[in-house]
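The next block holds one structure in the form of structure tokens; read it before the comments.
The values are calculated or read from the model by the stated rules, or taken from the named source; none is laboratory data. Computed from a predicted structure; not experimentally measured. No Cβ is skipped: glycine too gets one built from the backbone with ideal geometry, and neighbour counts run over all protein chains shown. The area values use the complete protein model at the heavy-atom level, side chains included, leaving out ligands, DNA and RNA. Shrake-Rupley method; radii C 1.70, N 1.55, O 1.52, S 1.80 Å.
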Amino acid sequence: MLRVVFNMDMVLSPSHPQDTFLPHVECGTVTLIGATTENPSFQVNTALLSRCRVIVLEKLSVEAMEAILMRTVNSLGIRVLDQDGHSDAEDGNSNSAAEMPVYIEEKALSTLANLCDGDARTGLNGLQLAVQARLAAGKQSYSYPGTKKSPKSGVITMEDHVKEGLQRSHILYDRAGEVHYNCISALHKSMRGSDANASLYWLARMLEGGEDPLYVVRRLVRFASKDVGRAGRSLALTQAVAAFQGCHLIGMPECEVLLAQCVTYLARAPKSIEVYSAYNNVKACLKNHKGPLPPVPLHLRNAPTKLMKGLGYGQGYKYNPMFKGPVDQDYLSEELRGLNFFKKTH
């Protein structure tokens, strides 16, 4: 039996001929052991996924992240300073490989544990960059509150090194992965549920994570017609299209307030799926129709030529503006008369 360990994101990309693994996995010759940061449904085809056991690893808690970071700084010989500026070790116990002892603020570790969003790799990388940022800044003299010590050593601080070391938003967001789809789904459902507060949260989660504002506003245009529709003579579609034009003109970050205004309007607007449901009923009618589709009634046809007029095209049509009040005229083919596509709507 051959066991293959791989990075699923790289090896089992959609372009990879995954079916070549199937017979070998099926007979047990090859055991695939892979890891991916994304939902395997997006990377592994259905046939191969059905032969695999998927184990979901959840985000680490802040407490677990603090323990990992503390273990790391201890192994590196970095000393932790509490709020009063006291170190957890004496100067004589410093790492012999270091010319000068290196310190890190306790609140800097705590901040880093919160910023990494449960991802140990992000936390460790952030710590490494913070240390490098401190060392690159050079050794300076510091006085710590509550202590007479003023060693000429590097102190890793929250503001100057941890946040600088991360050099990006701490919000983990993948514009092509599962989080992308989860967040847009949450935004849709929050607006549909008329929760403006939650809607703004999911909007900010996407924008602050680096989502394309034009993608978001395109979804808002769709929502304005599908979920709000004609309820209460709403101007939802006008609002959404105006927001799209504004986002296209000015871009981020200025357009974020346009999106926030539009999302709030859509969330608070009355909802109606009358048009959406009616159109789905029409599509179902077309799909389920047996035999040839019914022809357009002669009186509704255009007659630009003499031949068409001779065949009866347009004959008997009643031009509505010439009549006062309702006009007794059919607009559906004979076999479709009596159908009401709006009848099944809520």
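Structure notes:
- Considering only residues in the stretch 263-274 that are not aliphatic (A, V, I, L, M) and not in a helix (DSSP H, G or I), the one that is least open to solvent (accessible area, probe 1.4 Å) turns out to be SER272.
- Residue pairs meeting the criteria (Cβ under 7 Å; at least 6 apart or on separate chains; first open to solvent by 60 Å² or more (accessible area, probe 1.4 Å) and of a type in the set (Phe, Trp, Tyr), in the stretch 275-299; second at pLDDT 90 or above and in a helix (DSSP H, G or I)): TYR276/LYS226
- Yes/no for LYS283 being part of a loop (DSSP other than H, G, I, E, B) and of a type outside the set (A, V, I, L, M): no
- Hey, PRO304 in a loop (DSSP other than H, G, I, E, B) and not hydroxyl-bearing (Ser, Thr, Tyr) or not: yes
Conditions (1) of a type in the set (Lys, Arg); (2) over 30 Å from ASN125 (Cα atoms); (3) at pLDDT 95 or above, marked per residue:
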{"residue": "ALA176", "(1), (2), (3)": "no, no, no"}
{"residue": "LYS189", "(1), (2), (3)": "yes, yes, yes"}
{"residue": "GLY193", "(1), (2), (3)": "no, yes, yes"}
{"residue": "PRO213", "(1), (2), (3)": "no, no, no"}
{"residue": "VAL263", "(1), (2), (3)": "no, yes, yes"}
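- GLU335 vs. criteria in a helix (DSSP H, G or I) and acidic (Asp, Glu): yes
- Criterion (of a type outside the set (Asp, Glu) and surrounded by 14 or more Cβ atoms within 10 Å (Cβ to Cβ)) met by exactly one of GLN245, GLN315, GLN239: GLN239
- Residue within the stretch 300-309 that is surrounded by 14 or more Cβ atoms within 10 Å (Cβ to Cβ), in contact with a Ser or Thr (Cβ under 7 Å, 6 or more places away or on another chain) and over 30 Å from GLY210 (Cβ atoms) present: no
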